[in-house]
Structure formats: structure tokens, C-alpha cells
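J.: I have a structure here, written as C-alpha cells, and I will follow up with some questions on it.
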Amino acid sequence: MKKLLIIVSAAVLMLVSGIGCTGVKGGNETGDTLQLGYAERITIVEHGGYATVTLADPWKEGSVLHTYVLVPEGAGGISDDSLMSLHPDATIVHTPLKKALVTTSVHCALAEELGCSSAVGGVCDLQYINLPWVKEGVKAGRISDCGSTMAPTLETIMELSPDAIFLSPFQNSGGYGRVENLGIPIIEMADYMETSALGRAEWMKFYGMLFGAEEKAATLFAEVEKGYNDLKEKASAVAAKNGKGAYKAGQKSVIMDKLVGPVWYVPGGSSTIGKMLKDAACNYPWSGDMSAGSLSLSFETVLEKGADADVWMFRYSAPQPITRAVLLSENSGYEQFKAFRNGELYGCNTATSTFYEDTPFHPERLLRDFLTVMHPGLGLGAPKYFVKVK
């Protein structure tokens with residue numbers, strides 16, 4: 001009877017406020033589904049006094065990676081036990097989070113932009129976080145250094161006692177080890193597996209809900225969306241002048257990244273960067289590839305398809321800016337690329353820039369970099385992350 005009253009009350013509330021209902025999984029309950037414009041691997045449903053968030057399993061079509069029940073502070077009316085009876089496979093998270101363990105620099109940066117940096121109580125892999133406020137917070141003892149993401153310090157985590165732990169899921173990872181036994185909600189950050197740059201950025205709406213910054217997240221995403229689409233339009237205008245077809249004559253071509261040991265990882269044609277290069281109206285040798293992740297290729301394979309590319313853009317991590325001489329010391333074969341010989345090399349040093357902190361939730365910034373390099377005639381100025389290699 002209590003369950004029935006909850007459902008009827010929620011339905012009446014939505015009718016009074018003029019909100020339409022759509023059916024959702026989990027008991028016989030209904031709710032209002034938040035319409036997302038780009039994200040394909042997350043579903044957010046508002047109910048009376050709480051919300052459910054369902055993450056699709058990116059590696060198993062039709063399966064669920066995780067379901068969360070987000071209960072705002074002061075919502076009242078529904079106990080955790082009642083919610084668990086409605087959503088037995090879900091994880092209950094009480095919001096806003098006041099003290100979270102955030103294991104990636106990009107999500108730390110987003111928390112700061114949402115005005116919630118004080119809610120970051122702990123971090124992992126501090127050496128890879130290029131955010132001064134995080135390093136200063138750890139030094140001052142306001143933020144706990146919980147060690148490596150792959151082997152976090154459990155004692156420090158237990159002492160921190162966070163409201164939630166943000167972790168990135170991986171295919172066939174086998175779970176999160178002993179961290180799963182701490183009884184602390186694990187937020188699986190699967191945004192990096194989205195199918196488009198704006199789709200990944202739109203996950204900020206979910207993170208905004210977790211930190212109690214829904215309105216700020218919605219406003220921020222609207223700005224990101226407009227900025228990205230405005231740049232995409234500029235690129236489309238350039239593309240229109242160069243005719244139709246997958247590979248347009250007169251349009252610059254580009255190859256990405258470089259060898260890591262014996263392997264050259266390039267973005268798949270359907271990856272977020274692969275699609276972004278298409279939005280930038282440039283020719284990319286692997287644009288027709290359907291892979292959503294990276295392709296593991298040999299040097300010879302990349303040379304065969306990209307030897308005549310006009311531009312070479314790559315990411316690297318080093319204490320000092322890379323030079324052409326250093327590149328040749330790594331592999332003398334780089335000299336065979338037209339872009340190398342013509343000096344059209346652009347490197348992004350991820351050790352000294354905020355590339356990884358900025359671009360996942362601000363894809364318009366990376367798209368702008370691509371346009372400044374590929375279409376300098378647009379007058380967008382100098383790139384922010386990719387610097388010409390001398």
C-alpha cells in the first residue's frame with residue numbers, strides 16, 4: 001500500500017506541474033525522462049523526490065553497467081529501504097556530495113568549474129594532475145592523496161570516509177578489488193566511452209546532480225554546445241567550398257599522435273577525436289573506420305596511409321618541449337612523412353598543459369585548436385594546446 005501511495009503521489013505531482021511521464025524500468029514506477037541531446041550511454045529519470053541514473057554498458061550492447069538512485073538532501077518522504085525495494089539493483093547516493101574521492105584530473109577540473117572544488121576530499125595519481133588548487137590542497141592537508149588509482153591506499157580512503165568514489169571502468173577489468181568492499185558508493189565514470197565529443201561533455205549534467213550543481217551544469221553545457229556548433233559551422237562553410245565526398249580535394253589532411261614503443265595508436269574514425277576531425281573539415285586517413293576507440297597500428301601501416309598528410313598533430317608527455325631532433329632520435333623513419341619535412345608538426349605536451357583536464361568537457365576548445373591549424377584563414381588565432389615543433 002505504501003508503495004502504491006508513493007507512485008500515485010509522484011504521478012499527481014507531475015500532472016499538476018504539467019510534466020509528461022514516460023515508463024522506466026524498476027518496479028511499476030514512472031518518471032520524467034530528462035531529454036539529452038547527444039549522450040547515448042546514460043539515462044536520467046526524475047521521480048518524486050529522487051532521480052534514477054542508468055549507465056549503459058559500453059562493452060555489452062543492451063546491458064546495464066550501473067544504476068544509481070540519487071536522493072537530494074532534505075527530499076524526505078521515501079526511505080532508503082523503500083527505494084531499494086523499487087530499484088533492487090541500484091546504488092543509492094545521497095546528494096550533494098560533500099566529500100568525494102575523485103581519481104581523475106578531468107573530473108577534478110569539472111568539479112572546480114561547477115563551483116564544487118571543496119567537495120573533492122581525495123585524489124589519486126597526484127603526479128598526473130596539473131591543477132594547482134589540487135596540489136596545494138594536498139600539501140595543506142585539505143585533500144587526501146590516496147595513492148595510485150590501480151592500487152589505492154585503503155587506509156587513507158577509510159580515514160577520509162568519502163561520500164562516493166569516482167572510478168573509471170574498463171572492459172574486462174574484473175571490478176575494483178578491495179575498494180568495492182568498503183561500502184562506499186562507486187561512481188563509474190564511463191563518459192569517456194561516449195560516441196561523440198558533445199555526448200561525453202553532456203555527462204556534466206549527471207555530475208552536476210551529484211554535486212548539487214544541476215543548474216550550473218546545464219548552463220555550462222549550453223555554452224559548450226553553442227561554442228562547438230558555432231565552430232563546426234565555420235568549418236562546414238570551408239568544406240562547402242571544397243566540394244563533396246569523403247576525401248575533399250583542396251582540404252588539408254592530418255595524421256594524429258605517434259609511436260609508443262612499437263605501436264602507433266591513432267583515433268578510430270568513429271572515436272570522439274575521429275568525429276571531431278570530421279567536424280573540423282579536414283581529411284583524415286582513418287575517417288571511414290568504424291572503431292570508437294584507438295587503432296593499434298605499426299609504423300609501416302601509418303606511413304602507407306599518412307605519408308602525404310599535410311599536417312601531423314600529436315600528444316606527448318615530457319618535462320621539456322619536444323623538438324624535430326628528438327623525434328628523429330626516437331625513430332628516424334619520421335622523416336619520411338611530408339608533414340615532418342615541411343615543418344607542419346604540432347605537439348601537445350600533456351605534462352605541462354591542461355589538455356586532459358580541459359578538453360573532455362570542453363570539446364569546443366580542442367575543435368578550435370584543430371581549426372586554427374587546419375584552417376588558419378578563419379582568423380581564430382593561435383592554438384592553445386598544440387604548439388608548432390621546431
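The values are calculated or read from the model by the stated rules, or taken from the named source; none is laboratory data. A quick note: this is a predicted structure, and the numbers were derived from the prediction, not measured. Don't worry about glycine lacking a Cβ; one is built from the backbone with ideal geometry, like all the others, and counts go over all protein chains shown. Side chains included, ligands, DNA and RNA excluded: accessible areas come from the protein's heavy atoms. Shrake-Rupley method; radii C 1.70, N 1.55, O 1.52, S 1.80 Å.
J.: Just give me the residues in region 129-149 being in contact with a helix residue (DSSP H, G or I) (Cβ under 9 Å, 6 or more places away or on another chain) and farther than 13 Å from VAL102 by Cβ, in sequence order.
T.: Within region 129-149, ASN130, LYS135, ARG142, GLY147 meet the criteria.
J.: Mind listing just one residue for me: the one in region 361-376 that is open to solvent by less than 20 Å² (accessible area, probe 1.4 Å) and either under 10 Å from the mean Cα position of the chain (by Cα) or without any contact (Cβ under 8 Å) to a residue 60 or more places away in the chain (or both) and, of those, nearest to LEU110 (Cα to Cα)?
T.: Out of the qualifying residues, it is PHE361.
J.: Condition (residue is assigned to a loop (DSSP other than H, G, I, E, B), open to solvent by 20 Å² or more (accessible area, probe 1.4 Å) and not polar (S, T, N, Q)) applied to region 103-114: is it met by at least one residue? Lay out the reasoning, then the answer.
T.: Kept after step one, since they are assigned to a loop (DSSP other than H, G, I, E, B), are these residues of region 103-114: 103-104, 114.
Next, from what is left, pick out any that are open to solvent by 20 Å² or more (accessible area, probe 1.4 Å): 104.
Then keep just the ones that are not polar (S, T, N, Q); that gives none.
So far as region 103-114 goes, no, none of its residues is assigned to a loop (DSSP other than H, G, I, E, B), open to solvent by 20 Å² or more (accessible area, probe 1.4 Å) and not polar (S, T, N, Q).
J.: A further question on this structure: Do any residues in region 29-49 that are under 17 Å from MET189 (Cα atoms) and among the hydrophobic types (A, V, I, L, M, F, W, C) have Cβ atoms under 9 Å from those of residues that are part of a strand (DSSP E or B) and open to solvent by 40 Å² or more (accessible area, probe 1.4 Å), where the two are at least six apart or on different chains, and which pairs are they?
T.: Sorted first by the residue in region 29-49, then by its partner, the pairs are ILE42/THR54; ILE44/THR54.
J.: Filter region 47-74 down to residues that are modelled with pLDDT under 95 and acidic (Asp, Glu) and give me whichever is least open to solvent (accessible area, probe 1.4 Å).
T.: Restricting to residues being modelled with pLDDT under 95 and acidic (Asp, Glu), the top hit is GLU73.
J.: If a residue must be open to solvent by 20 Å² or more (accessible area, probe 1.4 Å) and touching a Gly at 6+ places or on another chain (Cβ under 9 Å), how many such residues does region 176-212 contain?
T.: The total comes to 1.
J.: Still on this structure, please answer the following. Condition first: surrounded by fewer than 16 Cβ atoms within 10 Å (Cβ to Cβ) and in contact with a helix residue (DSSP H, G or I) (Cβ under 7 Å, 6 or more places away or on another chain). Now tell me which residues in region 282-303 satisfy that.
T.: We begin by selecting, within region 282-303, every residue surrounded by fewer than 16 Cβ atoms within 10 Å (Cβ to Cβ); these are 288, 290-291, 296, 298, 300-301.
The answer is none; no residue qualifies.
J.: Find all pairs meeting these conditions: Cβ atoms under 7 angstrom apart; at least six residues apart or on different chains; first residue within region 126-151 and farther than 14 Å from ILE165 by Cβ; second residue hydroxyl-bearing (Ser, Thr, Tyr) and in a loop (DSSP other than H, G, I, E, B).
T.: From residues that are farther than 14 Å from ILE165 by Cβ, the pairs are ASN130/THR354.
J.: From SER161, SER117, SER168, SER173, which residue is open to solvent by 20 Å² or more (accessible area, probe 1.4 Å) and in contact with a Lys or Arg (Cβ under 9 Å, 6 or more places away or on another chain)? Steps first, please.
T.: On the way: SER117 fails: in contact with a Lys or Arg (Cβ under 9 Å, 6 or more places away or on another chain); SER168 fails: in contact with a Lys or Arg (Cβ under 9 Å, 6 or more places away or on another chain); SER173 fails: in contact with a Lys or Arg (Cβ under 9 Å, 6 or more places away or on another chain).
Among SER161, SER117, SER168, SER173, only SER161 is open to solvent by 20 Å² or more (accessible area, probe 1.4 Å) and in contact with a Lys or Arg (Cβ under 9 Å, 6 or more places away or on another chain).
J.: Restricting attention to region 214-272, report how many residues are modelled with pLDDT of 95 or more, in a loop (DSSP other than H, G, I, E, B) and open to solvent by less than 40 Å² (accessible area, probe 1.4 Å).
T.: Total meeting the criteria: 2.
J.: May I ask you to say which residue of GLY122, GLY147, GLY137, GLY141 is open to solvent by less than 30 Å² (accessible area, probe 1.4 Å) and either among the charged types (D, E, K, R) or farther than 19 Å from ARG178 by Cβ (or both)? Walk me through it before giving the result.
T.: On the way: GLY122 fails: either among the charged types (D, E, K, R) or farther than 19 Å from ARG178 by Cβ (or both); GLY147 fails: either among the charged types (D, E, K, R) or farther than 19 Å from ARG178 by Cβ (or both); GLY141 fails: open to solvent by less than 30 Å² (accessible area, probe 1.4 Å).
Residue meeting the stated conditions: GLY137.
J.: Further question: I'd like to check something: does region 119-129 contain any residue that is assigned to a strand (DSSP E or B) and under 18 Å from VAL64 (Cα atoms)?
T.: Step one: filter region 119-129 for residues assigned to a strand (DSSP E or B), giving 120-123.
If we keep only those that are under 18 Å from VAL64 (Cα atoms) too, we end up with none.
Among the residues of region 119-129, not one is assigned to a strand (DSSP E or B) and under 18 Å from VAL64 (Cα atoms), which makes the answer no.
J.: Is it the case that region 170-189 has a residue that's among the β-branched types (Val, Ile, Thr) and either outside any strand (DSSP E or B) or closer than 27 Å to ALA280 by Cβ (or both)? Steps first, answer last, please.
T.: Taking region 170-189 and keeping what is among the β-branched types (Val, Ile, Thr), we get 179, 184, 186-187.
Remaining after also requiring either outside any strand (DSSP E or B) or closer than 27 Å to ALA280 by Cβ (or both): 179, 184.
Within region 170-189 (the criterion being among the β-branched types (Val, Ile, Thr) and either outside any strand (DSSP E or B) or closer than 27 Å to ALA280 by Cβ (or both)), the answer is yes, since at least one residue qualifies.
J.: Just for helices (runs of 4 or more DSSP H) wholly inside region 281-390: which have at least 1 residues that are modelled with pLDDT of 95 or more and either under 25 Å from ILE129 (Cβ atoms) or among the aromatic types (Phe, Trp, Tyr) (or both)? Explain how you work it out, then say what you get.
T.: Values: elements: 299-306, 324-330, 338-341, 355-358, 363-374.
The helices (runs of 4 or more DSSP H) meeting that bar are 299-306, 338-341, 355-358, 363-374.
J.: OK, next. If I ask for residues that are among the charged types (D, E, K, R) and under 22 Å from the mean Cα position of the chain (by Cα), which ones from region 29-53 would you list? Please lay out each step first, then the result.
T.: Here is the first cut: in region 29-53, the residues among the charged types (D, E, K, R) are 29, 32, 40-41, 46.
Once the filter is applied, which keeps residues that are among the charged types (D, E, K, R) and under 22 Å from the mean Cα position of the chain (by Cα), region 29-53 yields GLU40, ARG41.
J.: Give me the pairs, please: first residue somewhere in region 310-338 and touching a residue at least 40 places away in the same chain (Cβ under 8 Å), second residue anywhere and open to solvent by 50 Å² or more (accessible area, probe 1.4 Å) and basic (Lys, Arg), beta-carbon distance under 8 Å, and either six or more positions apart or on two chains.
T.: Final answer for the pair search is ASP310/LYS252; ASP310/LYS338; VAL311/LYS252; THR323/LYS390; ARG324/LYS390.
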